[in-house]
Amino acid sequence: MKNRKKVLAALLAGAMTLSMGTTAFAAEAEDGYAVKATNTEAKAPDNDLVIAIEGSVSSMDPANIPDTSAISATRGCYEMLVYFNEDRELEGQLAESWEVSDDSLTYTFHLREGVKFHDGTDFNAEAVKANYDRVLDADNNLRQRRNFVVTAEDGTETPRVESVECPDDYTVVFKLANAWSPFINRMTQFCIISPAALEEYGNDVMNHPVGTGPFICTEWEEGDHTSFERNEDYWGEKASVDTVTIKEVPEAGSRTAMLQTGEADMVYPMPADQIEAIKSNDDINVMTADSNIMRYVTLNMDLPELSDVKVRQAMNYAIDKDAYIQVMYAGNGKPATSVVPSIINGYQEQEAYTYDVEKAKELMKEAGYEDGFKLTLWGDNSTQEIKGMTFVSQQLAQIGIEVEVVPMEPATVSDKIYVDKEEAEINMWYVNWSASDFTMDGSLRSLLYSTMCPPTSANTAYFNNSEFDSLLDEGLATADEAEQAEIYGQAQAIAWEECPWLFLGNDQLLYSTKSYLSGAYVAPDGAFNFANAVLAQ
């Protein structure tokens, strides 16, 4: 296993002229397609799948991953007890079945027998417990730990799970300290690593992935590619393709070219303004799909300039959200109408911050910033992200806010963001978020709960509202959907009013494949799945 970590900051300057002339091909979409291939008899030149992505696979430790690209890669070689299928239905994976006690405090999983890890060791109940104990160990400092503990204002932590018991080799019992409605959803993100690998490598298992999945990871070179080969001893139906290579290609035109030449079999995302370039190819599909991806810019509320809610609201009024969706996604999406996308259960539409520059200027004047100020905006250095940051910069210039766009390698952004508050240099962060567990808590807690500021999690607005925190905690304590809707509705209203973010939009997913590829897809959270990919021969 190789991991050559590339941390090269690319400080790309220069203004970008935004065009409103992008053709909205989504209007032509039928059956989920934006462009449908006509050459349906095409055959793949080999049985090796290549996926070109915009983002970076930043980790191969499934308990310590910050983004959907890493989630996508790790799901090739790791599995969970339960998972969401392509239709967002909960199914057993390493668990054949499970039951929940009447008081919702005890979850009993009955495990699949005869499953082996890639290193030949047996999968069993003790393997599940070993992975849970590893995640809960504070010394390991794993990102997934925050999903299983309650953090008080004074920093003390209480585990949500009271105990994990293994009554026999193929039964594991999770007993919760208190009712916690998202538990089963969170387990769809809980991958099982070989205990033998954990014993041998510790947290360096990131460079030595050993799971039970349909593929074995053979190489991970962050910033370049991740490679897999078929697991010939897989417990289920063996993968169809021989190998999978995920190539990191941040430049949109380069990804499109790879698809046209056949160097890549799948491209994600497919920029809307690149669709015209491939329409003449009869062997390329462009697919659209609904997403739960929220596009936004975090505002560091600890900065004097951003501490006044009037300034933050002014910045939201200064952004033309309809133009953003048109420029960035050729109309494939909609402006944000809450702090969560409408696809999330419990979503409640809020009164929109309509595009109103004059109102924005008046609010700036009331806040004492009639002449504006200067800020920096961080984000990834991909073509699409730079385009989005430039759009935001140009819009805010209308109300006197001079924004310096600072694109960086994803790993560099992460290193600069996840630091102690005293070391924080962040002003604004152009970013997106999707809750892979599809819960309201998963959509809000890591981003806006007061104790989830870096380095613990991604609350880079440093938002701190006790009423909001209390509502999120109340939402976890009930399984009553009507009660949850009321609680989370109030929480959304508070965050919307306080404006810790620039609320931009919720786009549709666009991805492209060669017509000879089937079985690979992108889930609503933006994670791509290649476990059942087939290359027509």
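The values are calculated or read from the model by the stated rules, or taken from the named source; none is laboratory data. Everything numeric in this text was worked out from a predicted model, so none of it was measured. Virtual Cβ from ideal backbone geometry, glycine too; neighbours counted across all protein chains shown. These accessible areas exclude ligands, DNA and RNA; they are computed on the full protein's heavy atoms, side chains included. Shrake-Rupley method; radii C 1.70, N 1.55, O 1.52, S 1.80 Å.
Quick check: the distance between the Cα centres of segment 131-170 and segment 320-355, to the nearest angstrom?
Distance between centres, Cα-based: 35 Å.
Choose one of 131, 189, 159: the residue whose Cα lies farthest towards the positive end of the charge dipole of segment 87-211 (beta-carbon charges +1 Lys, Arg; -1 Asp, Glu; about the Cα centre).
Value: 189.
Hey, any idea what % of the chain's accessible area is carbon plus sulfur with a 1.4 Å probe?
Ligands and nucleic acids excluded, carbon and sulfur reach 43 percent.
May I ask you to order 408-416, 269-277, 132-140 by the average number of other C-beta atoms within 10 Å around their residues, highest value first?
Highest-to-lowest ranking by the protection proxy: 269-277, 408-416, 132-140.
I'd like to check one number: the per residue accessible area of the chain, probe 1.4 Å, reported in Å² as a whole number.
40 Å²
Using 0.36 nm per residue, how much length does the chain from residue 397 to residue 237 gain when fully extended, once their Cα-Cα distance is taken away?
52.0 nm
Please enumerate, by chain and number, the lysines with C-alpha under 17 Å from the C-alpha of residue 334, excluding those fewer than 8 residues away in the same chain.
321
P(r) tail for segment 378-537, what percent of Cα pairs lie past 29 Å?
33 percent
To the nearest 20 Debye, how big is the dipole of the chain about its Cα centre, given +1 on the beta carbon of each Lys and Arg and -1 on that of each Asp and Glu?
In debye, rounded to 20, the chain gives about 1200.
Hey, how many Å between the Cα centroid of segment 57-112 and the Cα centroid of segment 419-493?
The distance from the Cα centre of segment 57-112 to that of segment 419-493 comes to 22 Å.
How large is the Rg to Rh ratio of segment 422-492 when both quantities use alpha carbon positions and Rh follows Kirkwood?
1.01
Where does the Debye-calculated log10 I(q)/I(0) of segment 85-213 sit at q = 0.09, 0.15, 0.16, 0.22 Å⁻¹, using only Cα point scatterers of equal weight, no solvent?
Normalising to I(0) and taking log10 leaves -0.27, -0.76, -0.87, -1.49.
What nm distance separates the two modelled labels at residue 102 and residue 156, each placed 7 Å from Cα along Cα→Cβ?
3.4 nm
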